[in-house]
Amino acid sequence: MTGGDWTRAIIHLDLDAFYASVEQLRRPELRGQPVIVGGWSDESGRLQTARGVVSAASYEARRWGVRSAMPLATALRLCPQARVVPVDFGAYRAASTQVFALARTYTPVVEPLSLDEAYLDVTASQRRFGAPRSIAAELRDRILDTTRLHASFGVATAKVVAKVASDLRKPRGLVVVEPGEEAAFLAPLALRTLPGLGPAAERALQGLGVSTLGQLAALPLDVLQRRLGQAAGRMLWERARGDDDSAVSVPGRPKSISREETFAHDLDDDDALNARLQELAADVGRRLRQGGWCARTVTLRMRYSDFTTLTRQLSLPAPTEADLAIAGAARGLLENCWTGSPLRLLGVGVSGLEDASQLDLFARRVDRDTRVDHMLDQLHGRFGHSAPRRGAATTLRDLDFRGDDLRGLGQHSADER
Ligand SMILES: [Mg+2]
């Protein structure tokens, strides 16, 4: 059956057995094995499990009844052959950053709920990327290709419905609830599948003879409110019919992004400074793209051996997310104001940030460079600092972005000597 128009399209993405999957990926001997993530390593590197709880369990361990938040001792009684590995948030955060960066290539409106879960509002992405179902399917394939991690997806017109849908066929599920089908989709489901409906509310509702979301939605609102309170009663009554217009909220956009480096030895070698400047620009560019932003202004900060500090800014002709444009503008500023005396610090920053996907495509430098940057970001996410980078020669020769050319572009000083 085909539904109506997707006037709102929300995807809920939930990685499957996330911590345990990351551990199984980096330790091949754990694949196919029951794995419990929990406990911690002491100074000698020995795993401590006493008083620990299960942070996560692989599907192989769940088959034995192991669940998150269960004491490790209990889990090991249920599944004595389980392999226990300590929690490593650094590794999970790195994987999570990669996944969310992929999500942001489809929409800047991404609301992470935890390291392994996020809402995406893809309403405005349909024109460019197609139907919500194909966006979810494509994202699923790209996450798998890039990270080897599996995820489940729910697609619906409302957050609460998308979340219930993603949970329905875990792992590796993709459930689409067509517009207009929300209430019918939820109706047969058990009360506990509804986010926000805890054990206390469940008991109260069972006392009213209610066991499905359809029965909950059919109750008179005032009966529900007398039982659960005004606010909670109304919230659950609305949610049970898929009535939820809450927005996907993006964590605050920063005013600026910058990176600076103080050198171990003061530098006056042009090539060396150039290489540093490009690394700084690439780092700033990566964080810009990770957030799904474009920048209008590039800032260069330099400090001489005598601590004289200069900050120079350049307004770009169009917002950019490309390393080349950031590095080129910073290079132009350097050529314009550097006296040639040794520098002890160099910094590159961007400001005037805007949501990349909300900009007119023609106003934005969506060009080969940006696509290359996105590709390099993925490699960086996958391989860290061993990932390939743009060569210095490539950047500057391709660019032809000299100080002289920059004078007409609104350059101004933010700081005088
Ligand atoms: Mg999950």
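Table for the structure above
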| item | result |
| --- | --- |
| Flag if Thr7 is surrounded by 15 or more Cβ atoms within 10 Å (Cβ to Cβ), of a type outside the set (Asp, Glu) and either assigned to a loop (DSSP other than H, G, I, E, B) or on the phi > 0 side of the Ramachandran plot (or both) | no |
| Given (1) hydroxyl-bearing (Ser, Thr, Tyr); (2) within 15 Å of the ligand (Cβ to nearest atom); (3) at pLDDT below 95, number of the condition Ser58 does not satisfy | (3) |
| Residues of the range 250-278 that turn out to be free of Cβ contacts under 8 Å to residues at least 40 places away in the same chain and assigned to a helix (DSSP H, G or I), as a count | 2 |
| Filter result for the condition that a residue is touching a Lys or Arg at 6+ places or on another chain (Cβ under 9 Å), at pLDDT 95 or above and surrounded by fewer than 23 Cβ atoms within 10 Å (Cβ to Cβ), over Thr157, Thr147 | Thr147 |
| Those residues of the range 292-312 which are on the phi < 0 side of the Ramachandran plot and surrounded by 21 or more Cβ atoms within 10 Å (Cβ to Cβ), in sequence order | Trp293, Cys294, Ala295, Val298, Thr299, Leu300, Arg301, Met302, Arg312 |
| Residues of the range 10-52 satisfying the condition of being outside any loop (DSSP other than H, G, I, E, B), out of contact with any helix residue (DSSP H, G or I) (no Cβ under 6 Å at 6 or more places or on another chain) and either within 12 Å of the ligand (Cβ to nearest atom) or among the β-branched types (Val, Ile, Thr) (or both) | Leu13, Leu15, Phe18, Ala20, Ser21 |
| The range 51-66, residues that are without any contact (Cβ under 8 Å) to a residue 60 or more places away in the chain and out of contact with any Cys (no Cβ under 8 Å at 6 or more places or on another chain) | Arg51, Gly52, Val53, Val54, Ser55, Ala56, Ala57, Ser58, Glu60, Arg62, Arg63 |
| Positions within the range 62-91 being at pLDDT below 90 and within 16 Å of the ligand (Cβ to nearest atom), in sequence order | Ser68, Ala69, Val87, Phe89, Ala91 |
| Options Ala217, Ala231; residue that is more than 30 Å from Ala327 (Cβ to Cβ) and touching a Lys or Arg at 6+ places or on another chain (Cβ under 6 Å) | Ala217 |
| The lone exception for Met302 - which of (1) in a strand (DSSP E or B); (2) hydrophobic (A, V, I, L, M, F, W, C); (3) modelled with pLDDT under 95; (4) over 19 Å from Ala322 (Cβ atoms) it fails | (3) |
| Single residue of the range 1-51 satisfying the filter (of a type in the set (Lys, Arg) and farther than 28 Å from Leu139 by Cα) that is modelled with the lowest pLDDT | Arg51 |
| Residue within the range 207-222 that is surrounded by 17 or more Cβ atoms within 10 Å (Cβ to Cβ), at pLDDT below 95 and not aromatic (Phe, Trp, Tyr) present | no |
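Table: residues versus (1) acidic (Asp, Glu); (2) more than 16 Å from the ligand (Cβ to nearest atom); (3) assigned to a strand (DSSP E or B); (4) buried (at least 17 other Cβ atoms within 10 Å of the Cβ).
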position	(1), (2), (3), (4)
Arg93	no, no, no, no
Ser96	no, no, no, yes
Phe100	no, no, no, yes
Thr105	no, yes, no, yes
Pro108	no, yes, no, yes
Leu113	no, no, yes, no
Tyr119	no, no, yes, yes
Ser125	no, yes, no, yes
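Yes or no, residue by residue, for (1) in contact (Cβ under 8 Å) with a residue 60 or more places away in the chain; (2) away from the ligand (no atom under 13 Å from the Cβ); (3) farther than 24 Å from Glu238 by Cβ:
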| site | (1), (2), (3) |
| --- | --- |
| Ile135 | yes, yes, yes |
| Asp141 | no, yes, yes |
| Asp145 | no, yes, yes |
| Val155 | yes, yes, no |
| Ala158 | yes, yes, no |
| Asp167 | yes, no, no |
| Val175 | no, yes, no |
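The values are calculated or read from the model by the stated rules, or taken from the named source; none is laboratory data. For clarity, every value in this text was computed on a predicted model and none was experimentally measured. For neighbour counting, all protein chains shown are included, and Cβ atoms are generated from backbone atoms with ideal geometry for every residue, glycine included.
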